[in-house]
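Notes follow the structure.
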Amino acid sequence: MTVTRFAPSPTGRLHLGHAYSAVVGRAAGDQLRLRIEDLDQTRSRPEFVAGIEEDLRWLGFSWDGEVLVQSERGAVYAAALERLRQDGLVYPCFCTRADIAAALAAPHGLAAHYPGTCRGLADDPAQRAVTPHSWRLDSAKAIERVGLPSWREGEATFTASRDDIGDEILARKDAPAAYHLACVVDDAESGVTLVVRGVDLRSSTPVQRLLQTLLGLPEPAYLHHALVTHADGRRLAKRDLAPTLAALREDGVDGPALARDLATGLLPSGFRLGDA
Ligand code: GLU
């Protein structure tokens, strides 16, 4: 049995791109799980959580099992982080967002990954008195221990290169888990066997596969689908007023008919699918 999931962040109303992702996820699986990725408490709003369920129902969707809400799962993420810490694979990071932005602005363009400024500071007494801003994966140590991760996508198997994986943030001062850690813990909790998401998240897959291996979690397969764009190729973004599903409904669009069209790759006029 193939179990997929739809995992929106409740930071706005769902738009066409979300609907496409949900449609592809449903078509690819026997069961679809719904997860609310609301760890960013500064941007998540309860009315958007309600909106997600309302919009999915309008499309004619139901989901299997309980809705998994990330903000309720702090203790589970803390246990996973602790396990990695016990294994010596986590270090505290004292850099602020501004420090990181400055560090990434390398002379030859933007560096892909955090340069590891705080790696090795853990035992520095001056730093120990200060609360870290975040906790990071020591990716060099992790890869030394379990090797570079691979993942399955369709018929193909990909192996990550060393450059694909940085010292990613696993948790923050104000959040028990960051995206990658919460994502792998929750995909396992929900028994997800096929992770379906946009191609913009493909760069997340190497580190997530690494975390799955380190935490002894099962390995799902992956499907990274093309993104819905405007007809001129511009990406849908909330701020440029991508039509929300709520607005389409108000315009009298038929939800289940839209879902059927999206399933065959047919998009409303003014939109198209980008390259996968
Ligand atoms: N919450 C993410 C988003 O709304 C999706 C994460 C995922 O599918 O892994 O873009």
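The values are calculated or read from the model by the stated rules, or taken from the named source; none is laboratory data. Just so we're clear, the structure is a prediction, and the values are computed from it rather than from any experiment. When we count neighbours, we look across all protein chains shown, and the Cβ atoms used for this are built from the backbone with ideal geometry, even at glycine. Note: areas computed on protein heavy atoms with side chains; ligands, DNA, RNA excluded. Shrake-Rupley method; radii C 1.70, N 1.55, O 1.52, S 1.80 Å.
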Next on the checklist: Tell me whether the stretch 107-114 contains one or more residues that are out of contact with any Leu (no Cβ under 6 Å at 6 or more places or on another chain), at pLDDT 90 or above and over 26 Å from R197 (Cα atoms).
Outcome noted: no
Item to check | Residue match in the stretch 43-50 (condition: in a strand (DSSP E or B) and within 14 Å of the ligand (Cβ to nearest atom)) | outcome: no
Checklist entry - Out of all the residues in the stretch 31-42, which are open to solvent by 10 Å² or more (accessible area, probe 1.4 Å) and either part of a strand (DSSP E or B) or within 12 Å of the ligand (Cβ to nearest atom) (or both)? => result Q31, L32, R33, E37, D38, L39, D40
Checklist outcome for this item: When A78 is run through (1) surrounded by fewer than 17 Cβ atoms within 10 Å (Cβ to Cβ); (2) outside any helix (DSSP H, G or I), the failure sits at (2)
Next on the checklist: Here's a check for you: in the stretch 5-17, which residue that is out of contact with any helix residue (DSSP H, G or I) (no Cβ under 7 Å at 6 or more places or on another chain) and not in a helix (DSSP H, G or I) is least open to solvent (accessible area, probe 1.4 Å)?
Outcome noted: A7
Checklist outcome for this item: When the stretch 51-73 is checked residue by residue, the ones that are open to solvent by 30 Å² or more (accessible area, probe 1.4 Å) and part of a helix (DSSP H, G or I) are E53, E54, R57, W58, S71, E72
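Quick grid of which residues meet (1) exposed (fewer than 13 other Cβ atoms within 10 Å of the Cβ); (2) within 10 Å of L16 (Cα to Cα):
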site: H224; (1), (2): no, no
site: V228; (1), (2): no, yes
site: A231; (1), (2): yes, no
site: V253; (1), (2): no, no
site: A257; (1), (2): yes, no
Item to check | In the stretch 152-188, residue nearest to the ligand (Cβ to nearest atom) [restricted to those that are out of contact with any strand residue (DSSP E or B) (no Cβ under 9 Å at 6 or more places or on another chain) and without any contact (Cβ under 8 Å) to a residue 12 or more places away in the chain] | outcome: A156
Next on the checklist: Which count do you get for residues in the stretch 81-106 that are out of contact with any Leu (no Cβ under 8 Å at 6 or more places or on another chain), open to solvent by less than 80 Å² (accessible area, probe 1.4 Å) and modelled with pLDDT under 90?
Outcome noted: 9
Checklist entry - Mind checking which residues of the stretch 88-107 are under 23 Å from D186 (Cα atoms) and in contact with a helix residue (DSSP H, G or I) (Cβ under 7 Å, 6 or more places away or on another chain)? => result G88, L89, V90
Next on the checklist: Which numbered condition in (1) among the polar types (S, T, N, Q); (2) touching a residue at least 40 places away in the same chain (Cβ under 8 Å); (3) within 11 Å of the ligand (Cβ to nearest atom); (4) open to solvent by 10 Å² or more (accessible area, probe 1.4 Å) is the only one that T2 fails?
Outcome noted: (3)
Item to check | Tally, over the stretch 18-30, of residues that are touching a residue at least 60 places away in the same chain (Cβ under 8 Å) and surrounded by fewer than 18 Cβ atoms within 10 Å (Cβ to Cβ) | outcome: 2
Next on the checklist: Scan the stretch 18-30 and tell me whether some residue there is more than 21 Å from A242 (Cβ to Cβ) and either in a loop (DSSP other than H, G, I, E, B) or near the ligand (Cβ under 10 Å from one of its atoms) (or both).
Outcome noted: yes
Checklist entry - Based on what the data block shows, is G233 touching a residue at least 12 places away in the same chain (Cβ under 8 Å), farther than 21 Å from D87 by Cβ, outside any helix (DSSP H, G or I) and not hydroxyl-bearing (S, T, Y)? => result yes
Next on the checklist: Could you tell me how many of the residues in the stretch 236-251 are open to solvent by 80 Å² or more (accessible area, probe 1.4 Å) and in contact (Cβ under 8 Å) with a residue 12 or more places away in the chain?
Outcome noted: 1
Next on the checklist: Regarding the stretch 189-208, can at least one residue be identified that is within 29 Å of T131 (Cα to Cα), more than 14 Å from the ligand (Cβ to nearest atom) and not basic (K, R)?
Outcome noted: no
Checklist outcome for this item: In the stretch 127-141, residues that are open to solvent by 50 Å² or more (accessible area, probe 1.4 Å) and in a loop (DSSP other than H, G, I, E, B) total 4
